[in-house]
């Protein structure tokens with residue numbers, strides 16, 4: 001299979017948040033991984049993401065059980081697929097023990113799959129799994145939930161604050177209401193931690209813009 005190569009700078013929110021707290025060597029590897037992405041990284045936690053998001057929207061625990069059903073091992077599964085399914089199941093069970101509360105008067109809906117935010121010449125794939133809204137679409141309040149699922153790399157608090165800042169900016173640019181930072185969450189599923197987005201963006205946004213300029217500068221050389 002031919003290696004996929006992205007011509008234009010594009011990073012995911014989770015990678016950008018890691019980039020902002022990474023060493024110089026790690027930063028270069030992250031750019032290369034985003035320029036030449038591996039397909040399996042996109043789908044690795046698909047059952048966990050889908051079932052958790054469905055549960056957050058509906059409030060129905062049955063959605064999590066459906067996710068566990070989908071991760072059952074089938075005859076003919078490869079070793080990689082078995083490991084992937086077991087890890088997805090662990091993620092779902094970890095979420096079951098996590099306490100995430102948003103305001104009761106907020107309505108939850110699925111986020112857009114192609115949710116992009118332009119930061120300079122870099123396209124950031126934000127993809128919040130859930131959007132939260134209260135009141136009229138143009139004058140009400142807006143929030144969102146971004147899932148982070150990694151069994152081996154817990155999300156550090158500063159990294160989560162950067163992720164929350166990008167989420168907050170993306171929601172602001174939707175122009176669907178006033179963004180309420182208190183209902184903008186980054187959720188580390190395996191660590192069982194819920195991070196609230198920062199109240200103000202100015203300092204962190206300067207760092208985010210600088211990081212994206214650096215990504216764009218080095219994109220063609222990796």
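Readers should treat all values here as calculations from the given coordinates under stated rules, not as data from a laboratory. Quantities reported herein were computed from a predicted structural model and do not represent experimental measurements. Ideal geometry is used to build each Cβ from the backbone, glycine not excepted, and the neighbour counts take in all protein chains shown.
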Checklist outcome for this item: Rounded to one decimal in nm, the spacing of the 7 Å Cα→Cβ label points at residue 38 and residue 58 is 3.3 nm
Item to check | Computed over region 34-136: relative contact order in percent, which uses C-alpha pairs under 8 Å that are six or more apart | outcome: 25 percent
Checklist entry - Could you work out the helix-only [θ] at 222 nm for the chain, with each DSSP H run of four or more residues adding -39,500 (n - 2.57) and the total divided by the number of residues, to the nearest 500 deg cm²/dmol? => result -14000 deg cm²/dmol
Item to check | region 82-222: relative contact order in percent, alpha carbon pairs under 8 Å with at least 6 residues between | outcome: 24 percent
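Which translational diffusion coefficient, to the nearest whole µm²/s, is obtained for the chain from the Stokes-Einstein equation, given a Kirkwood hydrodynamic radius over C-alpha pairs, 4 °C and 1.567 mPa s?
The estimated diffusion coefficient comes to 71 µm²/s.
Stretch residue 77-residue 156 to full length: gain in nm at 0.36 nm per residue minus the Cα-Cα span?
25.0 nm
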Next on the checklist: Taking every alpha carbon pair in region 29-90, what does the distance histogram look like in 10 angstrom bins from 0, in percent?
Outcome noted: 22, 40, 28, 11
Item to check | Anisotropy class of region 168-222 from Cα gyration tensor, a/c 1.5 cut | outcome: oblate
Item to check | Cα centroid separation - region 187-209 against region 57-94, whole Å | outcome: 28 Å
Checklist outcome for this item: Everything considered on the Cα gyration tensor (a ≥ b ≥ c; rounded for a/c under 1.5, else prolate if a/b is larger than b/c, else oblate), region 1-107 must be described as oblate
Item to check | Distance from region 1-36 to region 141-157 (C-alpha centre basis), Å | outcome: 18 Å
Next on the checklist: Could you work out the relative contact order of region 39-93? I mean the mean sequence separation of Cα pairs under 8 Å and 6+ apart, divided by the number of residues, in percent.
Outcome noted: 43 percent
Checklist outcome for this item: antiparallel share of DSSP beta bridges within the chain, to nearest 5, in %, is 65 percent
Checklist outcome for this item: Under the 7 Å Cα-to-Cβ spin-label approximation, residue 173 and residue 210 lie apart by a distance in nanometres of 2.1 nm
